[in-house]
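Derivation of every value follows stated rules applied to the coordinates shown; laboratory data play no part. For clarity, every value in this text was computed on a predicted model and none was experimentally measured. We place every Cβ from the backbone using ideal geometry, glycine too, and count neighbours over all the protein chains shown.
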Amino acid sequence: MFEFLFKRSGDKAGAAPAEQAEQKGQPDQSPDTGQPSPRALQAEKIPVLAGDEVAAADFILNSEFSELRLAAAEFVHSREQLERVHAAIRNTDRRVAKLMQSRLDAIRHHQAELERGRACIGQANALVADDKLSPNQVAELDRRWSVIAAPELSPEFDEVRARLGQRLEAQVALQRAMIDRLGALRQLAGQGLAAPEMAAQLDQLVQAQAEALAAPEHASLPRSLVNEFEIERARVKASLGAIEKGQAALAAREAALDEWEAAPRESLDAERMRRSWQQFGPMPDGASPSLQERFDALLAALPQPVPKVKELRPPPPAAGASDEFLATLAALEAALQHGSLAAAADCDKALKDSKGVRLTPPQAERLAHARAEFKRLSDWARWGGNVSREELIKAVEQLPSQNLAMAELAKKVGSMRERWKALDALSGAAPKTLWERFDSACTVAYAPAAAHFKQLAGERHANAARAQALVAEAVAEAGRLGDADSADWKHVAGTVQRLRLAWSHLGAIDRKEKKRLDQEFADALNVLQGPLEERRKMEAAGREELIEQARAINPHDRHALDLLRALQERWQEHAKALPLERKTEQALWQRFRAACDAVFASRKESAHAADAERRAHQQAKEAISARLEAAAEGIEPGAAGKLLREAATEWHAIGPVPRANEARVEKRYHAAVASVQHHADIAKRNAGLAQANALREKLRLCQALEAALAQGKDIDAVQWTTRWDSMAPLSADYEKALEARLRAALGAAASGRREEYIRVLERNRDQLLHEILRLEIATGVDSGPEFARERLKLQVEVLQTSLKSGQKPLTQSAQFLQLCAMPALADARTSSRIEHLFVRIFGKEHQ
């Protein structure tokens, strides 16, 4: 009936068996019914969830067993259900949420790879449709695809990539064919073919070139190769014309020679034949020498006419040119051999200027052959010069689109004009139309540079005007500088600095103006700079004095910080009044700051010593708290007071701790004191409860012994004494009173005074009821309706007694001790009333 006294405050009455079972692992069967548990029933549903993600997701959201949720999560793979489960369970089941998150991340990564793959395929399709496909673009496409993991898109990409590969192969074949065709064209002129055969091969190459230019991949052909093919084609075509002309002349020579050989020798005129033979021109290279030999033999076979002697005329001078003429002719031939048309033109002009020169037939033929070669090379040079001029015009027309710098653009236009002049010297004068096109293109290309240079010239004039304005401002400021004591030196210093900065930011100025303006500005600025420098020297001396004052401060003086702040404020005032040169200001400030830092460092060292002492105090207080925490568990109720008093004495004897840790250290100490007090109270309460339990048991033992005496039972003194000794001892008063009561009963049973003792027990019954009623009144315990009248009477009696005597009544514990010491018979109702009194009195004492 005293179970509630020993019940702990943390116990929950009537804990549900199901909850306890769940806490212990939740067995598969209910202990009451033997039926399968909810966990087993849910576990049976797991295999059925395979292939049904919606059911698996519903199971995860509705199941309360974590391992079953994890098993069902293996069947969830779609993004919709993963997001649904993750959003609902991320705060309740970390394992399932982590699994859902990892699968969602994998899906998102795969989607990102698919998007990158589709973008790569889109780029490949764009390259397929691009006319100007290059291998670099395909290589970059392959590099991008190599880092994409999208097997679903591989067939589509492979198809597009195969088409790109076919285009690249077609480009390679087309370019190789172009290179071979150009090589064949270059070798065509030197193969010594007949004109028809050479013309046929040239037509074949031109037709192949036209087909290549009309091919789908013609844009991949290098423009340089195409232009070079056109130049070679024109050269070969020109050489073909020369070959055809030479072969026609050779055929005409052969026909004329056949006609002369068939005619009678008397009808032939050697001089006329010679002139006709020379009209055919020089013999082409590679021609057979037999025609010339036949012609020479025919001339030799003709009869030679006898020259008529004219007696009155002087003999003609000896035939043949002078050595100077022949040297000039040799120089002409050498210049033609080396392809130097300018030197050849000079030599030809010198030969034409020669007067009165009679040439022998071989010399005339040699000169004619040289001039024919000169004309041929001049024609070629003129044609090549025109082609070069066309290229030069195209290059000039492309300059505006190249976004060149203005200086580079002007340089390029100038170099183009120089190249045009060089072509005029090498290839002759250009046609007027080409010159007009070139000049117009150069004008258009140079227009931005001209405008730029015009703008620069305007800027130089504007800069010169701004420089003149700065000079005027400096002169005006120098004129306003009055008395040195009343001058605003900060304004003067700012003006000098501003003028210098503005002058340094001026742009370009014409050289003839720059020197003059620099000298005028320096002269005007020197007028301001001289007094300013003197004033700055005075300010620097003042700063030196502040530095010395800072060094003289005693760091341990209580007013040291105030003095430092005052010096710093004065320093700021001086700095605002007149800033010094940056280098000087910085050096002085570093020295002043070092002096201030020395004061702070010294004070900081003192503070560090104080901090070390405070940290030692903190360690000592932490040790006291640790000692209290360690002693709290097994503390005895009697030793707690002494331990706390000693700890408090030590605590107050220790000095202060660091301010930042003061609250934490105090909190720990008070928590340790509270813990010791709490454990001491618990020990004291447990001891009191043990005493109460022992008192109750020994009181019951005495009542049981007296009841056995009254009932006439045999009394074994040893047995009753053994039971008494086995019980825990009580406090001295209760132990003495109850032991005396037990010994009196045992002594009465042993000495044969049982009847007498029983009469005492009977006689004390009324007194016992009276004392019980008195205690019930004192403790406020209900006595029952049968004792209502006696209770009311006793209450009046007790009140009157206390008013008359004026003495302090006995305590409830003392009254209960008298009750326990009184031997008397007690029935069940009386024992119950005593138990209630016991609970009320000792329950209050040990709460």
- Query: LYS512: which aspartates and glutamates have alpha carbons under 14 Å from its alpha carbon, excluding same-chain residues fewer than 8 sequence positions away?
  - Reply: GLU520
- Item | Loop trypsin sites (Lys or Arg not before Pro), region 113-210, which have at most 14 other Cβ atoms in a 10 Å radius of their Cβ (DSSP) | LYS132
- Note on the structure: Distance in Å, no decimals, from the C-alpha centre of region 598-651 to the one of region 387-401 is 95 Å
- Task: Using only Cα atoms, locate the centre of region 38-117 and the centre of region 532-558, then give the distance between them in Å, rounded to an integer.
- Result: 77 Å
- Query: Under the Kirkwood approximation for Rh and a Cα-based Rg, what ratio Rg/Rh is obtained for region 461-605?
  - Reply: 1.17
- Query: Over region 108-161, what is the mean sequence separation of C-alpha contacts under 8 Å (at least six apart), divided by residue count, expressed as relative contact order in percent?
  - Reply: 57 percent
